[in-house]
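As structure tokens, the structure follows; a few thoughts come after it.
Bear in mind that the values in this text are calculations on the coordinates, not laboratory data. The structure displayed is predicted, hence computed values, not measured ones. Please note: Cβ atoms are built from the backbone with ideal geometry, for glycine as well, and neighbour counts cover all protein chains shown.
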Amino acid sequence: MAVNATLLQEARDKLRVRNYTVKTEKAYLYWVECFLGFYEEHDPMGLSLQDVEAFVQYLSKERYTPEKTRNQALHALLFLYKDVLGREAGWLEEYVRRQLGVRNHNFLKPVECQRLLSNMFGQEWLIASIVYGSGLRLMECVRLRVRDINFQDKALVVRQPNGEIGRLTLLPEKLISPLKNHFEDRKLLHIKDIADGFGEAYLPAKIAREYPDAARSWGWQYVFPSGQRMSDPRHGGGRLQRHHRNESSVKEAVERAAVESGVYQNTSADTLRNSFAVHLIQRGVDTKVVEALLGHGENAHLTSGHLTTCSPLDLLTTH
């Protein structure tokens, strides 16, 4: 058990160095611990692909773990071998690719996206519209900062967990006015926080070191803030800050709107992101451009020349 405890601590340290979210950190540590416990009498360095497959079969047949959760476990194991154990993991990467390759990436027709969004309201509607209109992952969307919205160039900055710019993508013209109105309400909340002696947003460690006063600045506030101030649970308390809102309410709103709209029953935020990609490709947009806008491929950060592409959201007759 001492070896397992050491590996778990190393995994936790690596996750925090890479600025993974609290939710991801807990999930990865859970699956790493499950895997190490499953092979408690074995050195993980000596395990093979067959051992990983046996663990996945155990999750599927004995624990009835859903496919999406099994894929999360595989990513946690990939992190364990590559980043913690430092082992060459091409064999595991190929297995993970094969597992993900069999997934059915469902998407909606434009008219279905239109119906779904028409059954959403408030911030949930705005977030779902950005996911579909800009191709963001849900977590990328709720982590947006005010400075990431470029109204003039109609562009969104998508940041990596460490705060660095990951890529640029489209800002739908239809969302400019709603976002500006949202900013006015959000700014009032920030002013009130400052008046109450607070007003700080959580910042990645690197940004906090380089810009000590940035946490209280308007530009670094979250576009979609949480309703309550809270301290970062990874650092054992401390100053109360305004974090981003929880994505669970958006997930529930999308699922509810899908039912009310009579569209595909397994519709999720990922479905809207998939629809963004499919609708661009159906219009003849180059797949490399689409991959770059989604953050896939080696040139994901080189998208400034692709922002003239029209967002699928702007082609909907209503929203």
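So what is Rg over Rh here for the chain, counting just Cα atoms and using Kirkwood for Rh?
On the way: Rg = 21.0 Å, Rh = 21.4 Å.
With Rh from the inverse mean 1/r over Cα pairs, Rg/Rh is 0.98.
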Dipole of the chain (Lys/Arg Cβ +1, Asp/Glu Cβ -1, origin at the Cα centre): which of ALA215, VAL17, VAL56 lies farthest to the positive side?
ALA215
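Can you give the Rg to Rh ratio for the stretch 14-89, taking only C-alpha atoms and Rh from Kirkwood?
0.95
Give me the orientation-averaged projected area of the Cα convex hull of the stretch 28-183, in nm², one decimal. Spell out each step's value before the answer.
Numbers: hull surface 48.0 nm².
Directional mean of the projected Cα hull area for the stretch 28-183 stands at 12.0 nm².
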Between the stretch 40-91 and the stretch 130-184, how many Å separate their Cα centres?
35 Å
Per residue of the stretch 38-53, in order, report the coupling 6.51 cos²θ - 1.76 cosθ + 1.60 (Karplus, θ = phi - 60°) as ³J(HN,Hα) in whole Hz, putting x for Gly and Pro.
5, 10, 4, 8, 10, 7, x, 5, x, 7, 10, 4, 4, 5, 5, 4
If you scale each eigenvalue of the Cα gyration tensor by 5 and take the root, what three semi-axes come out for the stretch 148-199, rounded to whole angstrom and sorted largest first?
24, 18, 6
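Would you mind working out the magnitude of the charge dipole of the stretch 2-101 relative to its Cα centre, with +1 at each Lys and Arg C-beta and -1 at each Asp and Glu C-beta, to the nearest 20 Debye? Don't jump to the answer; show the numbers that get you there.
Values: 14 positive and 15 negative charges, 111 e Å.
Charge dipole of the stretch 2-101: 540 debye, to the nearest 20.
At 222 nm, what helix-only mean residue ellipticity would the chain give, in deg cm²/dmol to the nearest 500, using -39500 (n - 2.57) for each DSSP H run of four or more? Can you show the working numbers first?
Working: 13 runs with 160 residues, N = 319.
Using -39500 (n - 2.57) per qualifying helix, the result is -15500 deg cm²/dmol.
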Quick one: dipole size for the stretch 75-181, taken about the Cα centre, charges +1 on Lys/Arg Cβ and -1 on Asp/Glu Cβ, in debye to the nearest 20.
160 debye
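Counting only C-alpha contacts under 8 Å and six or more residues apart, can you give the relative contact order of the stretch 110-315 as a whole percent? Don't skip to the end; give the middle numbers.
Values: 319 pairs, mean separation 62.4, N = 206.
Relative contact order, the stretch 110-315: 30 percent.
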Unit charges at the beta carbon, dipole of the chain: most positive-side option, GLY197, GLY227, LEU8
GLY197
